[in-house]
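*Asks:* Attaching a single structure in structure tokens format; questions to follow.
The values are calculated or read from the model by the stated rules, or taken from the named source; none is laboratory data. If you're wondering where the values come from, they're calculated on a predicted model, not measured in any experiment. All Cβ positions, glycine included, derive from the backbone under ideal geometry; neighbour counts span all protein chains shown.
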Amino acid sequence: MKKEFICIVCPRGCRISVDDDLNISGNQCPRGKTYVENEMKSPTRILTTTVKTIFEYTPRLSCKTDKPIPKELLFKAMEVINDVVIEEEINIGDIIIMNILDTGANVIATKPSRKKE
Amino acid sequence: MMKDVIVIGGGAGGLAAAIEIHQAGKDVLLIEREEFLGGILNQCIHNGFGLEVFKEEYTGPEYANQFIDVFLQEKIDYLLDTTVIGLKKEGHIFTVETSNESQGIEFYQTQTVVVSTGSYERTRGQISIPGDRPYGVITAGSAQRYLNTDGLLVGKKVFILGSGDIGLIMARRMKLEGAEVLGVAEIMPHSNGLNRNIVQCLNDFDIPLYLSHTVTEIIADDHQRLSKIKVSKVDESFRVIKGSEKVFEVDTLLLSIGLIPDVTILDDLGVEIDKRTKSVKVNQAYETNIEGLFVCGNALQVHDLVDNVTLESKRAGQAVVRYLNKDKVKENHTLSLNPGTNLAYITPQRLDMGLEQENISLSFRSRKKMEKAVCKIYQNSQLIFEKKLFFVLPAEMETIQLPFKTIQDQGDLKVELEVKS
Ligand SMILES: Cc1cc2nc3c(=O)[nH]c(=O)nc-3n(C[C@H](O)[C@H](O)[C@H](O)COP(=O)(O)OP(=O)(O)OC[C@H]3O[C@@H](n4cnc5c(N)ncnc54)[C@H](O)[C@@H]3O)c2cc1C
């Protein structure tokens, strides 16, 4: 089975295909090959989402993993994050969850739980 | 009490302009209608902001905070929860009318005004989809705000009309929060969103993208809630192809069909409008035909990258300072800048020849995807400047620098995109 990828390294957006013998074609530069090799081997993504708080003014705080995590763990990570409730004032960059799902990535706040400015 | 400058809007654009002007020693007041600074960035919790200005991949709120911190350190005057509801000019003085729940109506006077009020989303009324008018049809940006700032998921079975970036980002976001996202329909044969979003928001989650498709009917249940939509294929002239109809059972239809600059507060001032950008016409100082009135950010033209809003608004801020310092060569004439072949629009639309500066930043969008394009600028049928552009796409605004000294004193300018032969 052939697999198709759209390369996102540059705006050209080459459509790159990989066949059963792992031959890569359709890329117009070497960066496309590297991109597809990574996507085949171990695709990772930064997860951005929100976390509940007890604060009336900011009922949700935005957060993210500070490193990309394996793509197949995105939904599991969402479950973990959706179980958390922030009860203390928090600053941008503060760790909310350490080493989520043993990925080595922390979930950190991307917004302060700011009171009215 | 008379201000040097009033900045309307506290998003990326307003903040950048206010900081620039304040740092030049001018007296600034910024007015924001929300109860927080940062504008639309606050609800854009995904990452990918700031590659150019900060060489970082910030999320929207992180990007906003970089500027909010500086803004607060500078101790610039500002009002939150305050909406500008009127703007008038008498003689050389602007009067800004504001409304606030506890203060009521107030008036502020100023020598100059910077309008950085952002953009609003096109709604169903602007594209007229036939069918019922049930609950459950909502713009993608509103759904984004409900979900990311209030924690409310607007639906469980979602379809998205329009492949703009907001729609793509929301497809992923709602999917991650447990909604079923049945597909995205785009009437054009190509997507309007960035490739990166097609890949990471749709392909990653096996959400189908229906190109050359549109929603042809909206059907409500007995309780005035959305229950079904019909999606059909269109031909090259956007005519619906009979028999191509698919039915989707959904409770939510998100509309991601474009942004329009919000300059409604300028309605009474008699500003010149550009029908291409759907905003005002400005010169290279971002000044409108009303002296002392400046416009920048999404209020001037819809930007896909916040870095471009920041850079543009800083330039606008510098121009305001120049204006207040009366730094203009002589009362002079203006030339008009017109979009030619393959250009959807261009800003600025005018050049003020009395405002000499080293380079003039020109921003435009192409009408189609072009590889190895050349941007050519003509004046009096003569080529005065050209620049190679590796790749242009309608989804990505381009900005180039035109050296002032290449411009002749007389004759309108025309900007075109050609494929390099
Ligand atoms: C959903 C979405 C996703 C995006 N994704 C990316 C991305 O991944 N990367 C990237 O670089 N860029 C992205 N952008 C683009 C970028 O974020 C915006 O272009 C930029 O933040 C706009 O800034 P602005 O200041 O012009 O407008 P806004 O942020 O909209 O600010 C305008 C402000 O003016 C206020 N206002 C309006 N009218 C009045 C009034 N009458 N009185 C008082 N205040 C008023 C509003 O409340 C608002 O705070 C995205 C944009 C959107 C909408």
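*Asks:* Only residues that are over 22 Å from residue B:171 (Cβ atoms), near the ligand (Cβ under 8 Å from one of its atoms) and at pLDDT 95 or above: list them for region B:27-62, please.
*Replies:* If the condition is that a residue be over 22 Å from residue B:171 (Cβ atoms), near the ligand (Cβ under 8 Å from one of its atoms) and at pLDDT 95 or above, then B:31, B:32, B:33, B:34, B:37, B:38, B:39 are the ones that fit.
*Asks:* Another question, if that's okay. Does region B:300-307 include one or more residues that are within 16 Å of the ligand (Cβ to nearest atom), of a type in the set (A, V, I, L, M), surrounded by fewer than 20 Cβ atoms within 10 Å (Cβ to Cβ) and within 14 Å of chain A (Cβ to nearest Cβ)?
*Replies:* yes
*Asks:* Also, quick follow-up: Among the residues of region B:156-201, what is the count of those that are free of Cβ contacts under 8 Å to residues at least 40 places away in the same chain, charged (D, E, K, R) and farther than 19 Å from residue B:45 by Cα?
*Replies:* Summing the residues that are free of Cβ contacts under 8 Å to residues at least 40 places away in the same chain, charged (D, E, K, R) and farther than 19 Å from residue B:45 by Cα in region B:156-201 gives 2.
*Asks:* Have a look at B:184, B:215 and point out the one that is more than 14 Å from chain A (Cβ to nearest Cβ), within 16 Å of the ligand (Cβ to nearest atom) and not in a helix (DSSP H, G or I).
*Replies:* That would be B:184, the only listed residue that is more than 14 Å from chain A (Cβ to nearest Cβ), within 16 Å of the ligand (Cβ to nearest atom) and not in a helix (DSSP H, G or I).
*Asks:* Inspect region B:5-17 for any residue being more than 11 Å from the ligand (Cβ to nearest atom), buried (at least 19 other Cβ atoms within 10 Å of the Cβ) and not assigned by TED's automatic domain parsing to the domain that holds residue B:142 and give the result as yes or no.
*Replies:* The answer is yes, given that some residue of region B:5-17 is more than 11 Å from the ligand (Cβ to nearest atom), buried (at least 19 other Cβ atoms within 10 Å of the Cβ) and not assigned by TED's automatic domain parsing to the domain that holds residue B:142.
*Asks:* (1) more than 14 Å from chain A (Cβ to nearest Cβ); (2) assigned to a helix (DSSP H, G or I): which one isn't true of residue B:55, the others all being true?
*Replies:* Every listed condition holds for residue B:55 apart from (2).
*Asks:* Let me ask something else. Residues that are without any contact (Cβ under 8 Å) to a residue 60 or more places away in the chain and surrounded by 21 or more Cβ atoms within 10 Å (Cβ to Cβ): find the strands (runs of 3 or more DSSP E) completely inside region B:344-403 holding 2 or more of those.
*Replies:* B:359-366, B:370-379
*Asks:* Report every pair of residues separated by at least 6 positions or lying on different chains whose Cβ atoms are under 7 Å apart, first residue within region A:46-61 and farther than 17 Å from residue B:49 by Cα and within 8 Å of chain B (Cβ to nearest Cβ), second assigned to a strand (DSSP E or B) and of a type in the set (S, T, N, Q).
*Replies:* Matching pairs, first to second residue: A:50/A:62; A:59/A:53; A:60/A:50; A:60/A:53.
*Asks:* Right, something else. Return the total of residues in region B:258-270 being assigned to a loop (DSSP other than H, G, I, E, B) and either within 13 Å of the ligand (Cβ to nearest atom) or closer than 19 Å to residue B:9 by Cα (or both).
*Replies:* Residues in region B:258-270 being assigned to a loop (DSSP other than H, G, I, E, B) and either within 13 Å of the ligand (Cβ to nearest atom) or closer than 19 Å to residue B:9 by Cα (or both): 3 in total.
*Asks:* Filter region B:205-214 down to the residues that are among the hydrophobic types (A, V, I, L, M, F, W, C) and under 25 Å from the mean Cα position of the chain (by Cα), then identify the one that is surrounded by the fewest Cβ atoms within 10 Å (Cβ to Cβ).
*Replies:* Only one residue tops the list, namely B:211.
*Asks:* State all residues of region B:329-343 that are assigned to a strand (DSSP E or B) and either among the polar types (S, T, N, Q) or within 23 Å of the chain's Cα centre (by Cα) (or both); if no residue qualifies, say none.
*Replies:* Hits for region B:329-343 are B:334, B:336, B:337, B:338, B:339, B:343.
*Asks:* Within region B:316-340, which residues are within 17 Å of residue B:71 (Cα to Cα) and either among the acidic types (Asp, Glu) or buried (at least 20 other Cβ atoms within 10 Å of the Cβ) (or both)?
*Replies:* B:316, B:317
*Asks:* Working carefully through the options A:16, A:24, A:8, find the one that is out of contact with any strand residue (DSSP E or B) (no Cβ under 9 Å at 6 or more places or on another chain) and in contact (Cβ under 8 Å) with a residue 12 or more places away in the chain.
*Replies:* A:8
*Asks:* Can you confirm whether region A:40-48 contains a residue that is in a helix (DSSP H, G or I) and surrounded by fewer than 13 Cβ atoms within 10 Å (Cβ to Cβ)?
*Replies:* The answer is yes; a qualifying residue exists.
*Asks:* Taking region B:218-232 on its own, how many of its residues are assigned to a strand (DSSP E or B) and either farther than 22 Å from residue B:184 by Cβ or not basic (Lys, Arg) (or both)?
*Replies:* Within region B:218-232, residues that are assigned to a strand (DSSP E or B) and either farther than 22 Å from residue B:184 by Cβ or not basic (Lys, Arg) (or both) number 8.
*Asks:* Could you tell me whether residue A:38 is free of Cβ contacts under 8 Å to residues at least 60 places away in the same chain, away from chain B (no Cβ under 12 Å) and closer than 30 Å to residue A:17 by Cα?
*Replies:* Answer is yes for this residue.
*Asks:* Exactly one condition in (1) under 24 Å from residue B:393 (Cα atoms); (2) in the same structural domain as residue B:144 (by TED's automatic domain parsing) is not met by residue B:205; state its number.
*Replies:* So the condition that residue B:205 fails would be (1).
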